Amino acid sequence: MMRLLSLLLLLSVAWSAGSHAAGMGYEDARHLLLRTGFAPTESEVEAMAHLSREQAVDSLLEKAGSIAQTPPPDWVDDPPLRLGRLKNLPDEEKKALLKREIQRGIELRAWWYREMLTTPSPLTERMTLFWHNHFVSSQQKVKASQLMYRQNLLLRREALGNFGTLLHDIAKDPAMVIYLDNVSNRRGQPNENFAREVMELFTLGIGHYTEQDVKEAARAYTGWSLDRDTGGFRFYPFLHDAGQKTVLGQTGPLDGDAV
């Protein structure tokens, strides 16, 4: 399968058609590195300038990784904050926990900034940031820094891979399940937020689905929730609407993966 990166490079770099055996030159090299990374050094630009365009693309792909090199904060493997627990806590304890999460969110951003600055694979970080903007979520609502960290790892792992794989994985990502309210989507009380966003923003765009498609898809996603002890994704069959649904012209006892 053609890698996503090849298409992105063709779209983002305004080069003339044809093969060029000679080096691409300074300006083209700088443009390419700015579009596939953040702030290239002079030595990086000069080294790329001696490559042909095909060699440059090969070089970027060969260096691309899928794992962050910067050590994460020491709390990332702690059990995530259980939002339901906050309701029953005294105000002072609740404020202390929320203050801790804010501080951890700051530490998490600092960790990612350091990775962007020092990564041996700027292309991977650029695409991780791209997907973070596309599959948007936020610490302010999720309130569980560990889950935001896990989502970041997911986006990086699939940053240069298959969009379908990434879409299925992000749909079951705990931070996304919280952010778009699928955690409260259950049989008889469907929450349409995720179903709407996956069609409107993540895939099809306005005009390519109907309101009825959203309603039926929301039923398909019922029961997709979280394990309250681990913070991981969990499917609850007794909360799932197993009835017939019609989404985008296809009918059946559809679940979320089928949609």
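Put a plus charge on the Cβ of each Lys and Arg, a minus charge on the Cβ of each Asp and Glu, and nothing anywhere else: the dipole of the stretch 205-259 about its Cα centre is then about 60 debye. In a fully extended conformation the segment linking residue 117 and residue 228 would gain 36.4 nm over its present Cα-Cα distance, using 0.36 nm per residue. Taking trypsin sites (Lys or Arg not before Pro) across the stretch 149-218, the ones in a DSSP loop with at most 16 further Cβ atoms lying within 10 angstrom of their Cβ are 187.
Please identify every one of the trypsin sites (Lys or Arg not before Pro) in the stretch 67-108 that sits in a loop by DSSP and has no more than 11 other beta carbons within 10 Å of its own beta carbon.
Answer by residue number: 87.
Averaging 1/r over each pair of different alpha-carbon atoms in the chain and inverting the result gives 20.6 Å, the Kirkwood hydrodynamic radius. A straight chain from residue 44 to residue 59 at 0.36 nm per residue would run longer than the Cα-Cα distance by 4.2 nm.
Among the chymotrypsin sites (Phe, Trp or Tyr not before Pro) in the stretch 59-124, none is located in a DSSP loop while being surrounded by at most 11 other Cβ atoms within 10 Å of its own Cβ. Here the chain is treated with +1 on each Lys and Arg Cβ and -1 on each Asp and Glu Cβ, and its dipole about the Cα centre works out to around 780 debye. Think of it as helices only: each DSSP H run of n ≥ 4 in the chain is worth -39500 (n - 2.57), and spread over all residues that comes to -15000 deg cm²/dmol at 222 nm. Taking a straight Cα-Cα cut-off under 29 Å and skipping sequence neighbours fewer than 8 places away in the same chain, the lysines within cross-link reach of residue 215 are 141, 143, 172, 245. For the stretch 92-187, a crude dipole built from +1 on the beta carbon of Lys and Arg and -1 on the beta carbon of Asp and Glu, taken about the Cα centre, is about 260 debye to the nearest 20.
Every read-out reported here was derived from the displayed coordinates using simple, explicitly stated rules and does not represent laboratory data. Bear in mind that the values here come from a model prediction, so they are computed numbers and not experimental data. Here Cβ is always computed from backbone atoms with ideal geometry, including for glycine, and neighbour counts include all displayed protein chains.
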